[in-house]
Amino acid sequence: MPRPILDEAHIHPAIYDRIAGYQQSIVREVMDAVRDNDVVVVGMKINPFPKKARKALDEAAQTYRYLEYGSYLNTWRKRGALKMWTGWPTFPMVFVKGTLVGGASELQALIDSGGLGRMLEPGVAE
C-alpha cells in the first residue's frame, strides 16, 4: 500500500512554491550524495543510532558517505524536510544504491542476512 501524500491538486496555488521550495537545499544535498555513493548514512550529533549504523558498516568493511545535520537542539527544521521527503521518521537514514533501507536496526538486519552484499553486487538493479 503506498503511503498517502497530499495530492498537488489539493494544494492552493498561493502556497505551492513555499511548499515546493521548503528546505530543498538539504534535500538536494542528500539526493546528490545518494546518487554519487553506494552507501549513505544521514545522521545527527548526540543520537547513538547513526553511530551504530556507521559502526556496523565499518565492521562489514563497507565504505559509505556520512552526512551529519546538527543535534537535537538545532537544525531540526532541515532534518524535518528530510523526514517529509523520505517518510522515514528517525535518524539515521541509510541508503544503499539509491534505496532507503531504514535506520541502524534495519541496516544491521540487512548486513546479517547478507542482503547488503547482494544489493551492492555489480549489475543488481537499484
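Could you list all residues from segment 77-123 that are open to solvent by 50 Å² or more (accessible area, probe 1.4 Å) and closer than 12 Å to residue 42 by Cβ?
The answer is 78, 83, 85, 88, 90, 100.
Checking residue 20 against (1) more than 14 Å from the chain's Cα centre (by Cα); (2) surrounded by 14 or more Cβ atoms within 10 Å (Cβ to Cβ); (3) aliphatic (A, V, I, L, M); (4) within 27 Å of residue 2 (Cα to Cα): exactly one of these is not met. Which one?
Only one criterion is unmet by residue 20, namely (2).
Quick check on this structure: which one of 28, 35 is exposed (fewer than 12 other Cβ atoms within 10 Å of the Cβ) and over 16 Å from residue 78 (Cα atoms)?
After applying the criteria, what remains is 35.
Does segment 35-47 contain any residue that is at pLDDT 95 or above, within 26 Å of residue 5 (Cβ to Cβ), touching a helix residue (DSSP H, G or I) at 6+ places or on another chain (Cβ under 8 Å) and part of a loop (DSSP other than H, G, I, E, B)?
The answer is yes, given that some residue of segment 35-47 is at pLDDT 95 or above, within 26 Å of residue 5 (Cβ to Cβ), touching a helix residue (DSSP H, G or I) at 6+ places or on another chain (Cβ under 8 Å) and part of a loop (DSSP other than H, G, I, E, B).
Inside segment 38-65, can you point out the residues that are open to solvent by 60 Å² or more (accessible area, probe 1.4 Å) and not charged (D, E, K, R)?
46, 48, 49, 61, 63, 64
Tell me which of these residue 74 doesn't satisfy, since it passes every other one: (1) over 30 Å from residue 123 (Cβ atoms); (2) surrounded by 15 or more Cβ atoms within 10 Å (Cβ to Cβ); (3) among the polar types (S, T, N, Q).
(2)
Answer yes or no as to whether residue 32 is closer than 30 Å to residue 6 by Cα, part of a helix (DSSP H, G or I) and more than 10 Å from the chain's Cα centre (by Cα).
Yes.
Taking interchain pairs and intrachain pairs at least six residues apart, which have beta carbon atoms under 6 angstrom, with the first residue in segment 1-29 and β-branched (Val, Ile, Thr) and the second surrounded by 10 or more Cβ atoms within 10 Å (Cβ to Cβ)?
Listed by first residue and then by second, the contacts come to 26/78; 26/81; 27/81; 27/85.
The values are calculated or read from the model by the stated rules, or taken from the named source; none is laboratory data. Because the structure is predicted, anything quoted here is derived from the model rather than measured. Positions of Cβ are backbone-derived with ideal geometry, glycine not excepted, and every protein chain shown enters the neighbour counts. Protein only, heavy atoms only, side chains kept; ligands, DNA and RNA dropped before computing areas. Shrake-Rupley method; radii C 1.70, N 1.55, O 1.52, S 1.80 Å.
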